[in-house]
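Taken together, the values in this text are just the output of simple stated rules run on the coordinates, not laboratory data. Not measured: the values here are computed from a predicted model. A quick note on method: Cβ atoms are made from the backbone with ideal geometry, for glycine too, and the neighbour counts reach across all protein chains shown.
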Amino acid sequence: MEKFISHTGSALPLKRSNVDTDQIIPAVYLKRVTRSGFEDGLFAAWRSDPEFVLNKAEYSKASILVAGADFGTGSSREHAVWALQNYGFKVVISSRFADIFRGNSLKAGLLTVILGQSDVEDLWSAIEEEPSLQIKVDLDTRLVSYKNQAISFDLDDYTRWRLMEGLDDIGLTLRKIDEVENFEEKRAKYKPKTLPVLS
Amino acid sequence: MAKTLAEKVWDDHLVRSASGEPDLLYIDLHLIHEVTSPQAFDGLRLANRAVRRPDLTIATEDHNVPTLNIDKPIADPVSRLQVDTLRKNCQEFGIRLHSLGDVEQGIVHVVGPQLGLTQPGMTIVCGDSHTSTHGAFGALAFGIGTSEVEHVLATQTLPLSRPKTMAINVEGSLKPGVTSKDIILAIIAKIGTGGGQGYILEYRGSAIRALSMEARMTICNMSIEAGARAGLIAPDETTFAYLKDRPHAPKGEDWQRALAYWSGLKSDSDAKFDKEITLDADQLSPFVTWGTNPGQGIALDGVIPSPQDFTDPEEVSAAERALVYMDLKAGTPMKKIKIDTVFLGSCTNGRIEDLRAAAEIIKGKKVASDIRMMVVPGSARVRLQAEAEGLDKLFLEAGAEWRSAGCSMCLGMNPDQLAPGERSASTSNRNFEGRQGKGGRTHLVSPLVAAATAIRGTLSSPADL
């Protein structure tokens with residue numbers, strides 16, 4: 001995974017709450033077996049409206065998405081994270097993310113940042129006033145900064161370290177595989193196995 | 001120290017717990033399907049990794065499969081490639097797969113319990129958010145993304161931070177015509193789509209205890225719609241009776257050992273939940289959604305709310321948007337809403353009891369002439385059972401379509417979709433914009449309301465017939 005230390009770019013205001021993963025990428029786009037090429041499905045239904053914010057020229061270079069509360073609810077499809085990344089987003093900011101979407105994003109290297117709703121609304125105003133406004137999201141200092149503002153955000157030390165080092169979870173767990181083996185030895189024998197049952 | 005049920009199951013699966021890092025949890029059962037697994041298998045191949053425990057992994061084809069003409073090759077080449085990819089991956093990595101046409105094929109969350117693979121006190125994951133269904137057995141079960149699918153395939157574990165716990169007490173008894181679907185829709189309307197975020201829910205109380213296993217599964221299934229990754233119910237005699245003699249249930253002395261462990265799986269009387277809410281079952285009536293998220297629900301006897309009824313500005317604008325998308329006006333009685341398609345099926349309400357309940361209403365009556373009713377059993381076994389009971393004939397004679405098993409119109413990934421502007425009464429779990437087909441409008445309902453609506457053509461309860 002690519003290391004994430006800091007990202008600076010312009011942002012796009014998505015002023016809607018409860019953006020579920022079916023909106024981020026509808027199911028018909030999930031038939032592919034690759035991890036790339038999902039950008040065409042991003043917000044597919046809404047993009048047919050020329051007034052939709054993603055279609056506006058002033059936000060065409062945006063790499064930070066600033067969304068309403070409860071972003072990423074619903075389906076566990078990680079394709080939602082890939083679609084955002086494939087389109088060019090590096091960071092999503094919201095006051096609240098759905099648990100599974102948040103987990104997926106931090107595994108796949110899309111930084112999701114939680115700010116207070118009033119900070120999100122201030123950001124929306126600042127972006128709308130100046131669409132090319134450069135916003136810096138820094139993992140080292142855990143700060144979102146623009147103009148003379150610097151807002152701190154929380155991210156647990158472990159996830160922050162993993163993102164900044166670009167480490168993948170599987171590699172980290174495999175270093176502790178002897179502990180997994182120890183656990184397996186003590187597992188109850190009556191627990192089911194999926195091998196077909198012969199009757 | 002006193003523990004909640006969720007904490008007990010969590011602690012019994014700790015491979016490693018150290019400060020400054022997430023807990024490492026052992027996974028007892030990993031369910032796989034065609035949509036969220038191909039990229040995970042690719043990742044294994046790239047890193048030259050094996051599947052650690054194929055004997056704790058099982059796959060089925062459900063999301064993307066047709067429900068008609070299943071004896072012919074899948075017509076859509078992209079869907080076909082995805083299903084073929086699952087078949088190749090399962091063969092390469094030695095994973096048991098139930099393909100289209102196999103008697104054990106079906107929706108992954110119907111298949112697990114049916115085989116007896118879902119048991120109390122287990123940890124169960126699947127690349128699907130409705131994995132919470134299995135919580136009905138007192139298992140800790142939750143949906144994961146594809147990166148996590150790869151992690152479980154490679155290590156049979158997941159690094160996770162311990163969630164908080166919430167007790168949802170449902171006391172009293174349900175009136176006739178009110179089902180567990182109405183309970184969960186009412187809970188979601190009460191706490192909102194983000195209300196369960198960061199929590200494991202435990203459904204408790206006399207109304208929950210009185211429910212069958214299948215009804216409990218409907219409740220746990222929709223925990224994710226309240227924002228909770230998992231929801232569970234303490235196992236009891238109902239659970240044990242359901243499990244006994246299922247193909248993968250423990251046998252002989254193993255059954256006794258398992259039973260001894262399972263019997264201790266309940267929250268201690270002095271356990272502390274981070275949050276508690278209570279619902280009065282006697283007050284509940286059939287519940288339906290009017291908007292575009294599962295929290296936008298109301299009693300079927302009610303009227304469509306006005307955005308001004310809400311205080312939170314986010315909810316006001318969400319309601320405004322929802323009414324435009326749904327093409328509905330505030331103040332309209334829910335029962336005046338005209339429906340085009342009725343969908344009976346899904347991992348929420350596609351089990352045999354759901355089909356029996358709907359068939360009982362439909363029996364001897366006709367689906368309204370301008371209504372399309374699709375009945376899609378949750379698994380091939382459910383379909384066979386229904387046919388053995390003659391339920392298929394009751395549906396067909398009423399004018400409904402009788403399909404093969406799969407996720408079908410719940411998510412509209414296969415050809416079973418709503419046309420733009422079409423309106424459904426659906427026993428599934430999500431009423432998101434376009435969920436059942438681009439431009440489609442969804443009202444979530446119980447199987448009883450679905451059947452009554454099919455006959456009358458407008459949202460109705462059996463009491464209206």
Cα convex hull of the protein assembly as shown, projected area averaged across orientations, nm²: 27.5
Value at 222 nm in deg cm²/dmol, rounded to 500, when DSSP H runs of n ≥ 4 in chain A each add -39,500 (n - 2.57): -9000 deg cm²/dmol
All-pairs Cα distance distribution in chain B, expressed in whole percent, bin size 20 Å: 26, 59, 16, 0
Förster-model FRET efficiency, 45 Å R0, A:S152 and B:T311, C-beta, rounded to 0.05: 0.95
Centroid-to-centroid separation of region B:258-335 and region A:60-129 [C-alpha atoms, Å]: 25
Length-normalised contact order of chain B in % [C-alpha pairs under 8 Å, at least 6 apart]: 17
Share of Cα-Cα pairs in region A:1-134 lying beyond 28 Å, as whole percent: 9
Size descriptor, Kirkwood hydrodynamic radius, that averages inverse alpha-carbon separations across region B:298-343, Å: 11.4
Added length on full extension, which subtracts the Cα-Cα distance from 0.36 nm per residue, B:N48 to B:D268: 74.7 nm
Quotient of C-alpha Rg and 2.2 N^0.38 Å, computed over region B:1-86: 1.55
FRET efficiency, 1/(1 + (r/R0)^6) with R0 56 Å, evaluated for A:M1 and B:S369 via beta carbons: 0.50
Protection proxy ranking, peptides A:181-187, A:81-87, average beta carbon neighbours within 10 Å, highest first: A:81-87, A:181-187
Cα pair distances in region B:92-209, grouped into 10 Å bins until the bin that holds the longest one, percent each: 11, 35, 35, 16, 3, 0
Qualifying lysines (Cα of each under 17 Å from Cα of A:K107; at least 8 residues distant if same chain): A:K3, A:K90
Packing-based order for B:282-294, A:92-104, B:328-340, using average beta carbon neighbours within 10 Å, highest first: A:92-104, B:282-294, B:328-340
Cα-based reach from B:K275 at 27 Å (exclusive), listing lysines while leaving out same-chain residues under 8 positions away: B:K3, B:K8, B:K164, B:K181, B:K190, B:K266
FRET E, pair B:D84, B:W255, Förster distance 30 Å, beta-carbon r, rounded to 0.05: 0.15
Bins of 10 Å, starting at 0 and running to the largest distance - Cα pair percent for region A:69-111: 32, 64, 5
Under 14 Å from the Cα of A:K189 - aspartates and glutamates, other chains or at least 8 residues apart: B:D28, B:D55, B:E253, B:D254
Enclosed volume per residue, in Å³, of the convex hull spanned by Cα atoms of region B:153-259: 144
